[in-house]
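Below is one structure, written out as structure tokens; the observations come after it.
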Amino acid sequence: MSILVTGGAGYIGSHMVYALTDAGRDVVVLDNLSTGARGLVSDAARFVEGDAGNVALVTGLIAKHGVETIIHFAGSIVVPDSVADPLAYYANNTVVARSLIEAAVKGGVKNFIFSSTATVYAGESADPLSETLPTGPVSPYGRSKLMTEWMLEDCARAYDFRYVALRYFNVAGADAKGRTGQSSPRATHLIKRASQVALGRVAHLDIFGTDYPTADGTGVRDYIHVSDLVDAHARALDYLREGGPAAVMNCGYGHGASVRDVIASMERVTGRPLPVKEGPRRAGDPPWLVADARKVRDVLGWRPQHDDLDKIVRSAYAWEQRLNSVGHN
Ligand code: UDP
């Protein structure tokens, strides 16, 4: 019996694969390497280069390796790109997910774990966002993910098939053993950018907006360490195997940090001032995005181990230093 991980050569997927192989699980990674890197994949996993939306390929893998669970990380994640080219996002996210779910149902795979996102929520709220709130994503990216949640919901009703959709908040940090981390050359995420600035690879950090209605005027996010996120997936896997019903859960810590908090944390970690430039808001950024994280704790028994901004920033910075030393991004 094995676990199929799509997007297992990507940032979060590669951490998941290490967690599974460290635990002695039998893992098949399927990744088309469009953004992932082969070198990030655990040697203890089988690697297959290909598309998660290739039904014939996936049904073949299910049969060959006795796949019992699919963890679906593969997809496109850059919000502004999704605005510029929505069809690409509906193809890579929604259409691929439809094919993958079809392969799962055809192949008799009963358990499915899906990477969803906090951007599926409607509106802006300073209060933590609960799973019971209305959805209403504004970007094609968020819509492409929400449509996948809907497909999963319908399929769980219609077939012998169950899923957990995890709505990620702001994921950061890297593997404690330095085996993998955020490697995308085009990364735009705050903690990754701040790490690049701290290493002098980027001249300064732009602060996107200082006039938000937050305590210090900058955007507030719920940053979660990738290792805690991966642990939520591992628990979701056990939950589904034990017969737990289909569920949607937030993955965040339930409290936020501002852009200035992140800058201050980086300065503590490196012991040096971080060059910053205050600028206008980035289009589409809400002031707050903080999880109501009770459900994942209650249902999965999740207990985060890295709920500490300095720890997350230190871990992201350490990975960036490694990338630096080997000349990657
Ligand atoms: N941000 C910033 N400068 C950057 C990148 C991000 O000020 O170079 C801010 C952004 O406006 C938001 C927060 O940092 O308030 C987190 O942004 P990120 O892109 O990391 O994640 P998002 O919440 O957009 O998914």
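The values are calculated or read from the model by the stated rules, or taken from the named source; none is laboratory data. Just so it is clear, the model here is predicted, and its values are computed rather than measured. Don't worry about glycine lacking a Cβ; one is built from the backbone with ideal geometry, like all the others, and counts go over all protein chains shown. These accessible areas exclude ligands, DNA and RNA; they are computed on the full protein's heavy atoms, side chains included. Shrake-Rupley method; radii C 1.70, N 1.55, O 1.52, S 1.80 Å.
Overview of values
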| quantity | calculated |
| --- | --- |
| Estimated inter-spin distance, LYS177 and LYS64, nm [label 7 Å along Cα→Cβ] | 2.6 nm |
| Other-chain or far-sequence residues with amide H under 5 Å of VAL276's (modelled H) | LEU205 |
| Solvent-accessible ranking of ARG157, ARG162, largest area first, probe 1.4 Å | ARG157, ARG162 |
| Sequence-distant residues sharing a close amide H with ASN111 (under 5 Å, placed H) | ILE70, ARG162 |
| Shape call, region 110-150: gyration tensor on alpha carbons, a/c limit 1.5 | oblate |
| Computed label-point distance, nm, for sites GLU267 and ARG157 using a 7 Å Cα→Cβ extension | 5.3 nm |
| Two-site FRET efficiency, ARG303 against LEU87, from Cβ-Cβ distance with R₀ of 35 Å, rounded to 0.05 | 0.25 |
| Cα gyration tensor, the chain - rounded (a/c under 1.5), prolate or oblate | prolate |
| Label-point separation, SER125 to HIS204 (7 Å along Cα→Cβ), nm | 3.7 nm |
| Per-residue HN-Hα couplings for region 142-158 [Karplus 6.51, -1.76, 1.60; θ = phi - 60°; Hz; x = Gly/Pro] | x, 5, 4, 6, 5, 4, 5, 4, 5, 4, 4, 4, 5, 5, 5, 6, 8 |
| Most to least accessible of LYS277, LYS106, LYS145 (protein chains only, probe 1.4 Å) | LYS106, LYS277, LYS145 |
| Overall dimensions of region 23-129 by Cα: Rg and Dmax, Å | 15.7, 49 |
| FRET efficiency estimate (nearest 0.05) - Cβ-Cβ, ASP285 to GLU102, R0 41 angstrom | 0.70 |
| Karplus 3J(HN,Hα) series, Hz, for region 297-310 with 6.51 cos²θ - 1.76 cosθ + 1.60 (x for Gly, Pro) | 6, 5, 7, 9, x, 5, 10, x, 10, 10, 7, 7, 4, 4 |
| Cα-centred dipole magnitude for the chain, charges only on beta-carbon of K, R (+1) and D, E (-1), debye, nearest 20 | 520 debye |
| Eligible lysines near LYS311 by straight Cα distance, threshold 22 Å, same-chain separation 8 or greater | LYS177, LYS192 |
